[in-house]
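A quick write-up on the structure given underneath.
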């Protein structure tokens, strides 16, 4: 996990990445759809017209559009540039599970608890085909990335592959009475334009997800029997290739990686598993309750930047200043992430946990990340009944103009603390007295106290660390008499 998005409803029902921009759409149980910038970790926009949970969302691959489907039986097409819903497609008779744009044609495919899959022409705003055959909720449906096929998964324990080749020949025009009559029959009785090509049987319980391979004639499925199954198909038949076992609860979704030969599955056992698609063996497991791995990934990234910068050569003084500024920024993040790792290793020491959370808020972070640090420290201290300290973090957080869910929590903590402005335990933390943080011992060095620094990254340390390797950049000797970073001939003229 590189970025965590906090919102008032932790029940996220659907997600989709933008094909080009660093955006992700999250549809919530509350009915709200949120648009996030995942590089900055900031909320860009929100869309709120559905009545009830929104389970499916999908970006168009070239137009400024996205589609959503919800428990209100409605499919809505939105323009995220103009921030409005363009139109609503009606026809499903129960909850809508998934929606997806076709990669070329002006089509949307939707799956519903009414046991049908519908294909819509979003330009003419009409349903052009109803796929019937499942006899339980249809949990997902998606187009093949290249061929005229749709795959669907249902709680009737089957995966179905549908041939939609004849739909390309069908022209739907709202001005054509004959076509409108055909459309009405399709809506009522199910279209004759799509036929079942294969019915894949093998799961012992309801199937929650099925996905096509991006290039090979393969399908992967996941079900409530805790199994991931791999299927192969040709022109005349489809068959089960193998079963991947390892999840301890229902498999919610599963898909092939777009470029690598791996399968990724998600389960209600709170794990994400990565499988080798060729060897059909498990490679790695990520568990939500142990989210330490995302901190390590970010830390490695920042450390690689610090270790690469000494190899950079620039020309002008202004470029030298930019490089040094980058070193300073990265140093702050490395220090903060190392303290966060340390905090997670000290769960049996609530006082130290609070101190490390507090120190993290004094690292020079970008505003979205500072908000997360303040929110975390506020919560840790409030749970430990250090109300006065939690009050300080809450006030600082409110000054950053946070998202409403964070602001609401902060205001509640302010009100609680104002009734009892005390701390249950004493911390080595005085926010009124300016300080820097020792990069090795993670203790504050208050103004007026002696310290030594790293000649490369400028991290600060308590005096007894002099002569050791810098605990932040892992490159320079603390307190060494060195020239610091030299990256331009202009620095030695």
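A few comments on the model shown:
- Taking the stretch 333-437 as the region of interest, the helices (runs of 4 or more DSSP H) fully inside it that hold 3 or more residues being within 27 Å of residue 303 (Cβ to Cβ) and either touching a residue at least 60 places away in the same chain (Cβ under 8 Å) or out of contact with any strand residue (DSSP E or B) (no Cβ under 9 Å at 6 or more places or on another chain) (or both) are 350-360, 367-383.
- Residues that are in a loop (DSSP other than H, G, I, E, B) and either touching a residue at least 40 places away in the same chain (Cβ under 8 Å) or surrounded by fewer than 14 Cβ atoms within 10 Å (Cβ to Cβ) (or both) within the stretch 444-462 comprise 447, 448, 449, 450, 456, 457, 458, 459, listed in sequence order.
- Checking each residue in the stretch 463-478 for being surrounded by 18 or more Cβ atoms within 10 Å (Cβ to Cβ) and touching a residue at least 24 places away in the same chain (Cβ under 8 Å) picks out 465, 470, 471, 472, 473, 478.
- The residue that is modelled with the lowest pLDDT, counting only those in the stretch 467-478 that are out of contact with any helix residue (DSSP H, G or I) (no Cβ under 8 Å at 6 or more places or on another chain) and more than 16 Å from residue 436 (Cα to Cα), is 476.
- Some residue of the stretch 6-13 being under 25 Å from residue 208 (Cβ atoms) and part of a strand (DSSP E or B): yes
- Counted residues, the stretch 299-322 - those being surrounded by 13 or more Cβ atoms within 10 Å (Cβ to Cβ), closer than 22 Å to residue 471 by Cβ and touching a residue at least 60 places away in the same chain (Cβ under 8 Å): 4
- Listing of strands (runs of 3 or more DSSP E) fully contained in the stretch 65-105 that carry 2 or more residues being under 24 Å from the mean Cα position of the chain (by Cα), surrounded by 22 or more Cβ atoms within 10 Å (Cβ to Cβ) and at pLDDT 95 or above: 65-70, 75-79, 96-101
- Cβ pairs under 7 Å, 6+ apart, first in the stretch 140-165 and on the phi > 0 side of the Ramachandran plot, second crowded, with 20+ Cβ neighbours inside 10 Å: 157/203; 157/207
The values are calculated or read from the model by the stated rules, or taken from the named source; none is laboratory data. What you see is a predicted model, and the numbers here were worked out from it, not measured in a lab. Cβ sites come from the backbone with ideal geometry, for glycine too, and all protein chains shown count toward neighbours.
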